[in-house]
1. Grab the other residues whose beta carbon is less than 14 angstrom from that of residue 332, score K and R as +1, D and E as -1, and report the net.
2. Three principal axis extents, largest first, for the C-alpha atoms of the chain, in Å?
3. Which whole number in µm²/s is D for region 261-410 by Stokes-Einstein, with the Kirkwood Rh taken over Cα pairs at 25 °C and 0.890 mPa s?
4. Provide Rg over Rh for region 232-303; use the alpha carbon set for both Rg and the Kirkwood Rh (inverse mean inverse pair distance).
5. Counting other C-beta atoms within 10 Å, and keeping those with at most 16, which DSSP coil GluC sites (Glu not before Pro) do you find in region 46-113?
6. Roughly how big is the chain's charge dipole about its Cα centre, with Cβ charges of +1 (Lys, Arg) and -1 (Asp, Glu), in debye to the nearest 20?
7. What lysines could a cross-link reach from residue 31, if we take a straight Cα to Cα line under 20 Å and drop same-chain neighbours fewer than 8 places away?
8. When the accessible area of region 269-332 is computed with all protein chains present and a 1.4 Å probe, what percentage of it is carbon and sulfur?
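The values are calculated or read from the model by the stated rules, or taken from the named source; none is laboratory data. Predicted model, so just to flag it, every value in this text is computed and none were measured. When we count neighbours, we look across all protein chains shown, and the Cβ atoms used for this are built from the backbone with ideal geometry, even at glycine. To get the accessible areas, we keep the full protein, side chains included, count just its heavy atoms, and leave off ligands, DNA and RNA. Shrake-Rupley method; radii C 1.70, N 1.55, O 1.52, S 1.80 Å.
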Amino acid sequence: MPAEFNAPTQKWLTVVGIGEDGVSGLGDDAKRAISAASHVFGGKRHLALAAELIHGQSRPWPMPFDSEMGDVIGLRGENVCVLASGDPFLHGVGVTLARAVALAEMHVLPAPSAFSLAASRLGWALQDVETISLHGHAIDLIRPHLHQGARIVALTSDGDAPTKIAALLADSGFGLSRLTVLEALGGENERIRTTVAASFDLENINPLNVLALELESTPQARILPLASGLPDDLFEHDGQITKREIRAVTLSALAPRRGELLWDIGGGSGSISIEWLLCHSSLRAIAIEHNADRADRIARNATNCGVPGLKVVRGAAPEALADLPTPDVIFIGGGGSEDGVFDAAISALRPGGRLVANAVTLEMEALLLARHASHGGDLLRLQISRAAPIGSMTGWRPAMPVTQWSWVKP
């Protein structure tokens, strides 16, 4: 750590990870950085933990929190220190700082993360554990991880979160799961307690807690399979849903890639955009639906499937498409036969973007045939038959055929 800062291009900002053990858990470099800083930023808890080392100005984070880090950036070139919980680059403030400060200007001294501390207390192999941050996020994000035998370590927001998560597990058929609440890890108030989700009765839980889950499911548990084509009964719908087998083929044609944004035009039940989001946490989706009841249903399905971040736009295409962020991929299900929808979608799609459209009506199929003739791309004819009773015997009952057009914008 340089003793003087002669130019802003030097490492003027030090980010120090600090645990509940406070100063005693810091290395010599971290202690020197805090003592030498003219300004020390952090949460009130962090500043209190390091108080004996701080000789400069203590700067609690503003409320509401400034994600642009304006106060820190305004001191560029001075000797500044930021205190963070554990590992600053694991769901921490280091990630926020790195968006505003070049790494060449930053010196980072991490401490063990809450995940590492929890794994060490439990004797769990961290590489085999699902880790998730629910801090400041909806607890529904845990739903895709609910599988028999899975182990999960979750960061929580407050002392009420373990009770709410236990209730979610019990309602989802995972009431037999073991829950371990690890409070104030590494500090003098550390406490570890274990119970079962269905009979969760822990009280006075420290707001600073980590929740470890060992999942046990019942035969009726609501489990989201890892493959595309979720069972139809996992979605609330009024019949306007892309059926399971067709949905699996459609997701394959949409071909999600990391970080992409999908427009789901004519969202129906939201099954396409929900399964898109379940493919990877970096994906984004907007479902456009003009029917108010269906729009509300999409939002409920998204929550129940663990992707509450799905954005639902209430309105009819093409008017509702105005001012939406540029899509990487578009799916057109319902409403594609309305005037101007295809033209607006094709115009909005970024170059190299993908468009997939499904048709079950002759009118919509005619549009797809015309677009294929004028734009190229691929046409598929999808036909599914299911075995069903015919009197005392069994026969095949065909579902409505689906015509699918997929196209890549030049």
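1. Counting the neighbours of residue 332, the net charge comes to -4.
2. 80, 53, 33
3. 151 µm²/s
4. 0.94
5. On the way: sites: 52, 68, 78, 105; in loops: 68, 78.
In loop regions of region 46-113 (DSSP not H, G, I, E or B), the sparsely surrounded GluC sites (Glu not before Pro) are 68, 78.
6. On the way: 34 positive and 45 negative charges, 154 e Å.
Roughly 740 debye for the chain.
7. Partners within reach: 11, 44.
8. Numbers: 1120 of 2450 Å².
Answer for region 269-332 is 46 percent, counting heavy atoms of protein chains only.
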